[in-house]
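Colleague: Submitted below is the structure of interest, expressed as structure tokens.
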Amino acid sequence: MVALESRICFIDGKRGRLLYQGYDIRDLAERSTFEEVAYLLWNGRLPKAPELSELSGRLKDRRALPPPLVEELDRAPPTAGPMDVVRTAVSSLAMFEPGETRADASAIAGAERLTAVLPSILGHLQRRRLGLPPLRPRPDLSHAAYLLYAILDRDPSELETRAMDVALILHADHELNASTFAARVTASTLSDLYSAVTSAIGTLKGPLHGGANERVLELLDEIGSPDRVEEVVHAKLARKERLMGFGHRVYKVEDPRAAILREWSRRIGEAKGNLRYYELLRRLEDVVHREKRLYPNVDLYSGSVYALFGIPADLFTPIFAASRITGWTAHVLEEYQDLRLIRPTARYIGAVDLPYLPIAQRN
Ligand code: SDX
């Protein structure tokens, strides 16, 4: 079902190919950076050196949390889920920074601002939970390195930084996935970019969409060891339960992002001397493919990489949002350029022309 035309992302579900503005995700994961991919998604072309350096500088300059937002984040109940905190923070920013919420091409300022500030929101949330000192501005760190510093309160290694940079590239856009479509529907009414992103965050939270990566770790912890994979998979399938990290509405073969993240899960596992998750996941893949002919999607391996960094599982989906903010906002900007209200129709299957009975006669 084609909802609209777009130039931003091409998915070939039959051949397992993914392109951002015409560039293959495998080339971008191998040779690009998240900052460069953000520029590509927003502008439709790769940046020249000065353009990339200027964008990287603007993102670093716009990481700070405004004091009213810090007060609001510090009022959040400790039981508030991280995706609820992120959704609320983005919504509140629109109140504290109204200048950046016009529904036109100037919204790219809001796109850069949200991309820059999301790692600070995640970092503030995590530091508050652990009673760590507040974030320091770190203009010396790239976007991926800053995200890891903000959450882990330590400087990441080069290998960890590159792994996170690739993970951010891989999660940046994916055509009309549910959360991006929610953002486009919101923007198509001429609502502002912050409202569109708030719609998207609420949508990504769902376990059938962005929330799957967190549940993959729960599945691995439930399985425990490779010799229990068969038993647990059979029991879940017998109960008609969905196996998180597997299957996809568009890919009918392996999700190309899963293949790249599988390799990073192995590299980071080897570097940390801990291949437990990687070996469990490989066994899980074999059994699920044999039993259900299902392939892994982007959510299967991402959590194992983040867990090896020491990132708590309830921040995995917020990290997905910290990357997908670039795709969401690229689609919002495209919607503003070629505005058309998105209003599908439903095939009506209900009753017609029922007689209205006064309540006294309804038994
Ligand atoms: C993302 O859209 C995007 O691009 C999303 C995303 C992105 O980058 O934005 O790629 C990110 O959301 C990845 C998907 C993350 N979600 C999960 O890993 C949750 C588990 N996956 C499933 O819920 C499911 O695969 C979906 C929701 C992702 C897709 O499901 P579909 O296309 O609606 O397929 P379906 O529900 O019609 O199922 C078809 C058959 C059914 O069997 P039958 O009932 O016909 O016998 O396949 C089975 C399903 O039961 N099936 C699964 C399964 N996925 C499909 N059975 C067990 N486990 C699964 N994961």
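Colleague: Could you size up the charge dipole of the chain around its Cα centre, putting +1 on the beta carbon of Lys and Arg and -1 on that of Asp and Glu, and report it in debye to the nearest 20?
Modeller: 700 debye
Colleague: Over region 212-309, what is the relative contact order in whole percent, taking alpha-carbon pairs under 8 Å and six or more residues apart?
Modeller: Once divided by the residue count of region 212-309, the mean separation gives 44 percent.
Colleague: Provide the solvent-accessible area of Leu275, counting protein heavy atoms only and rolling a 1.4 Å probe, rounded to the nearest 10 Å².
Modeller: Rounded to the nearest 10, the figure is 50 Å².
Colleague: For region 212-347, what is the accessible area per residue in Å² when the probe is 1.4 Å? The partial results should precede the final answer.
Modeller: On the way: 6180 Å² over 136 residues.
I get 45 Å² per residue for this part.
Colleague: Separate question: Cα-Cα pairs above 20 Å in region 125-227: how many percent?
Modeller: 61 percent
Colleague: Counting helices only, and only those DSSP H runs with n ≥ 4, report the 222 nm mean residue ellipticity of the chain as the sum of -39,500 (n - 2.57) divided by its residues, in deg cm²/dmol to the nearest 500.
Modeller: Result for the chain: -18500 deg cm²/dmol, rounded to the nearest 500.
Colleague: Considering only Thr186, Thr345, Thr161, give the residue with the highest GNM mean-square fluctuation for the chain, with springs between Cα atoms whenever their separation is below 10 Å.
Modeller: Highest fluctuation among the options: Thr345.
Colleague: Jot down the per residue volume, in cubic angstrom and as a whole number, of the convex hull over the alpha-carbon atoms of region 1-129.
Modeller: Value for region 1-129: 166 Å³ per residue.
Colleague: I want to verify a result. In a Gaussian network model of the chain, Cα cutoff 10 Å, which of these has the top mean-square fluctuation: Gly99, Gly327, Gly131?
Modeller: Result for the chain, Cα springs under 10 Å: Gly131 fluctuates most.
Colleague: Using modelled backbone amide H atoms (1.01 Å from N, in-plane), which distant-in-sequence or interchain residues come within less than 5 Å of Arg17's amide H?
Modeller: So Arg17 has HN proximity to Asp12.
Colleague: Which value, in Å², gives the accessible area per residue of region 1-128 when a 1.4 Å probe is used on the protein heavy atoms?
Modeller: Counting only protein heavy atoms, the per-residue value for region 1-128 is 49 Å².
Colleague: Additional query: May I ask for the distance between the Cα centers of region 242-271 and region 160-194, given as a whole number of Å?
Modeller: So the separation of the two Cα centres works out to 19 Å.
Colleague: Would you calculate the volume per residue, in Å³, of the smallest convex hull containing every Cα atom of the chain?
Modeller: Residue-normalised Cα hull volume stands at 189 Å³.
Colleague: Which of Ser225, Ile268, Asn297 sits farthest toward the positive end of the charge dipole of region 212-309, with +1 on the Cβ of Lys and Arg and -1 on the Cβ of Asp and Glu?
Modeller: Asn297
Colleague: Rounded, prolate or oblate: which one fits region 212-309, using the alpha carbon gyration tensor with axes a ≥ b ≥ c (rounded when a/c is under 1.5, else prolate when a/b beats b/c, else oblate)?
Modeller: Oblate, because a/c is 1.5 or more while a/b does not exceed b/c.
Colleague: If you find the alpha carbon centre of region 17-82 and of region 276-332, how far apart are they in angstrom?
Modeller: So the two Cα centres are separated by 19 Å.
Colleague: Out of Arg113, Arg283, Arg249, any idea which swings most in a Gaussian network model of the chain, alpha carbons joined below 10 Å?
Modeller: In the Gaussian network model the winner is Arg249.
Colleague: Which residues' amide hydrogens lie under 5 Å from the amide hydrogen of Phe246, considering only partners 5 or more residues apart or on another chain, with H built in the peptide plane?
Modeller: Under 5 Å from the amide H of Phe246: Asn297.
Colleague: Over the chain, how many pairs of lysines fall under 30 Å by alpha carbon, counting only those 8 or more apart in sequence or from different chains?
Modeller: Lysine pair count for the chain: 18.
Colleague: Pick out the long, greasy-scoring helices in the chain: whole DSSP H runs spanning 30 Å or more along their own axis by Cα, mean Kyte-Doolittle at least -1.0.
Modeller: Membrane-span-like by this rule: 108-130, 316-337.
Colleague: For the chain, which whole percent of the accessible surface, found with a 1.4 angstrom probe, sits on carbon and sulfur atoms?
Modeller: The nonpolar share, carbon plus sulfur, comes to 53 percent.
The values are calculated or read from the model by the stated rules, or taken from the named source; none is laboratory data. None of these values were measured; they are calculated from a predicted model. We place every Cβ from the backbone using ideal geometry, glycine too, and count neighbours over all the protein chains shown. Each accessible area value is taken on the protein alone, full model and side chains, heavy atoms only, with ligands, DNA and RNA left out. Shrake-Rupley method; radii C 1.70, N 1.55, O 1.52, S 1.80 Å.
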